[in-house]
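Report on one structure; see the data block that follows.
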Amino acid sequence: MTDITKEIEKRRTFAIISHPDAGKTTLTEKFLLYGGAINLAGSVKGKATARHAVSDWMEIEKERGISVTSSVLQFNYDGFCINILDTPGHQDFSEDTYRTLMAADSAVMVIDASKGVEAQTRKLFKVCVMRHIPIFTFINKLDRDANDTFELLDEIEKELGIATCPINWPIGSGKNFKGVYDRNTRKVTIYTDTEKGTKEGTATEIDVDSPELEAFIGMENKEQLMEEIELLDGASAEFDQDMVNIGELSPVFFGSALTNFGVEIFLRNFLDMTSSPLPRKSDAGEVDPMTNDFSAFVFKIQANMNKAHRDRIAFMRICSGEFDAGMEVFHVQGNKKLRLSQPQQMMAQERHIVDHAYAGDIIGVFDPGIFSIGDTICAPGQKFQYEGIPTFAPEHFARVRQVDTMKRKQFVKGISQIAQEGAIQIFQEFNTGMEEIIVGVVGVLQFEVLKYRLQNEYNVEIILENLPYEHIRWIENKEIDLDMLTGTSDMKKIKDLKGNPLLLWVNSWSIGMTLDRNKGLVLSEFGR
Ligand code: GDP
């Protein structure tokens, strides 16, 4: 095995998806703890300053104390090199959050045991399904009163349409939480609060058939566990690695990230059940990560890290081979050879310059304004392109008005550039041109980012007039006669800059009604 192959085989690149407050940050923190990347848990969120240092790229972040960008954390654990892609939530939820999933090889879905499947998880989950990547479920906060375990699994299956296979099983919850039972080894790991999760702690394991078990978990719990094991073995889907690989079966784990219980069990199984980077599709066939030379695609562009230079950082996911800082590469869409300058990577919470990176890794490079989202970079002499990144459905829309109409040119230039970076999407009225611009965003904060950037970088002041629409679909079958379309009263026809027709609605049920009224109409939540 060559050194490059060895490096790539060590790689695991995944994203954590969840609804805000389910425990994504806490779980990430505990992963880093096992990796030795941090000594004491509590630093990912607690250390606000450290978090700022890495993602504090835009003025707006500083002003509001939140992170607009998503970042990548890399750490080593047990011979693996792990890349965790952060998918920002709360107000900073944006199209970037979705795009980040395009760079991941698998996803970990964190669910709060007392809340079940929540809105943001549902949205992110859809993107994972579209990509057919493995999805692992970590049901968190078992140290608090949880919903019935069978009901939780049922909810995941019904709401998300994925089969589940519990790898372990919780014994009680809240004050009565006693531990988890491993269905493979038939051992119970007894719950201990590992000093509020700051230490790795030593776990007590007892065979489920051992007479000692009762002393640890009590008679009632033991009886219930035995009943549930029986039910489970009869009712739940069997573990099937092939189904996991294509994202049709989700292995489920239970634990409590805060008290650091069940986290290492999860991490070990996760590493076993996932693979190093796999071949990716390109227009020249599949590209093998191990045997091919360097190649990567841009999945995110972060603007204006340094106001004085108005520069940008292009984030790329390496898909094959090795990246070497000094090497010459070929930018396929630009049809140009170049050197990537200032390549950087995140190690735990620090950004640093990289000399070498491998398939599976994410690097950020200085972008003088030449890259677009979805662009392919490869070794000179090669010319393939990776499959493009879709456009994701915005959920908030506003009409944009310029305060000073004399600055028309700057306005169009500014808004087009910001749209090209992928921070916002711009649309037009169906029958008119650029004079009426409608902006669509995935997260409302992007409206403010747009306003701020137009003012600061292009000296253009705008007024945003919110529109009531919340649902958008791309029309897939272009041959449909749009003038003949029978819509609902809350429907609006618009087009994107390429002239593709789209439909907007205020109410979600209107989408179904529109489909009913127009036989043959095909709609999509993703634009191409
Ligand atoms: P995120 O928004 O998904 O990143 O969630 P955080 O990791 O920030 O967690 C949200 C809140 O839930 C914080 O107050 C955490 O301390 C708490 N929390 C996270 N995991 C657990 C857990 O396993 N048990 C309990 N009781 N609280 C937890």
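None of the figures in this text is laboratory data; all of them are computed from the coordinates on show. A quick note: this is a predicted structure, and the numbers were derived from the prediction, not measured. Every residue, glycine among them, receives a Cβ derived from its backbone with ideal geometry; neighbour counts consider all protein chains shown.
Summary table below
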| item | result |
| --- | --- |
| Rg/Rh for the stretch 324-451, where both radii come from Cα atoms and Rh is the Kirkwood radius | 1.05 |
| Rounded FRET efficiency, nearest 0.05, which uses the C-beta distance separating Glu286 from Lys493 and R0 of 56 Å | 0.90 |
| Normalised contact order of the chain, rounded percent, pairs of Cα under 8 Å and 6 or more residues apart | 14 |
| Using a Förster distance of 22 Å, the FRET efficiency for Glu223-Ser114 (Cβ separation, nearest 0.05) | 0.35 |
| Residues Asp207, Asp86, sorted so that the one with the fewest Cβ neighbours within 10 Å comes first | Asp207, Asp86 |
| Projected label distance in nm at Leu464 and Lys6, using a 7 Å step from Cα toward the beta-carbon | 5.1 |
| Potential extension, Lys478-Glu230 segment - 0.36 nm per residue separation minus Cα distance | 83.9 nm |
| Ranked Glu151, Glu421, Glu476, criterion: other C-beta atoms within 10 Å, fewest first | Glu151, Glu476, Glu421 |
| Cα centroid separation - the stretch 353-417 against the stretch 203-276, whole Å | 43 |
| Set of aspartates and glutamates with alpha-carbon distance to Lys413 below 13 Å, sequence-local pairs under 8 removed | Glu421, Glu457 |
| Rounded to 5, percent antiparallel among DSSP beta bridges of the chain | 75 |
| Distance-filtered residues of the stretch 1-37 - backbone nitrogen under 17 Å, label point 7 angstrom along Asp324 Cα→Cβ | 2-8 |
| Lysines whose Cα lies under 20 Å from that of Lys141, excluding same-chain neighbours fewer than 8 positions away | Lys24, Lys30, Lys45, Lys115, Lys175, Lys178, Lys196, Lys199 |
| Magnitude of the charge dipole, the chain, Cβ model with Lys/Arg +1 and Asp/Glu -1, debye to 20 | 2320 |
| Rh (Kirkwood; distinct C-alpha pairs) - the stretch 396-524, Å | 15.5 |
| Inter-site label distance for Asp207 and His356 at 7 Å from Cα along Cβ, in nm | 4.7 |
| Computed Kirkwood radius, in angstrom, where 1/r is averaged over Cα pairs of the chain | 24.8 |
| Farthest toward positive dipole pole in the chain [+1 Lys/Arg, -1 Asp/Glu at C-beta], among Asn477, Gln402, Gly360 | Gln402 |
| Over the chain: helical MRE at 222 nm, DSSP H runs n ≥ 4 each giving -39500 (n - 2.57), nearest 500 | -7500 deg cm²/dmol |
| Glu457/Glu151 FRET efficiency (R0 51 Å; Cβ-Cβ; nearest 0.05) | 0.50 |
| Residue order, fewest to most surrounding Cβ atoms within 10 angstrom, among Val444, Val180 | Val444, Val180 |
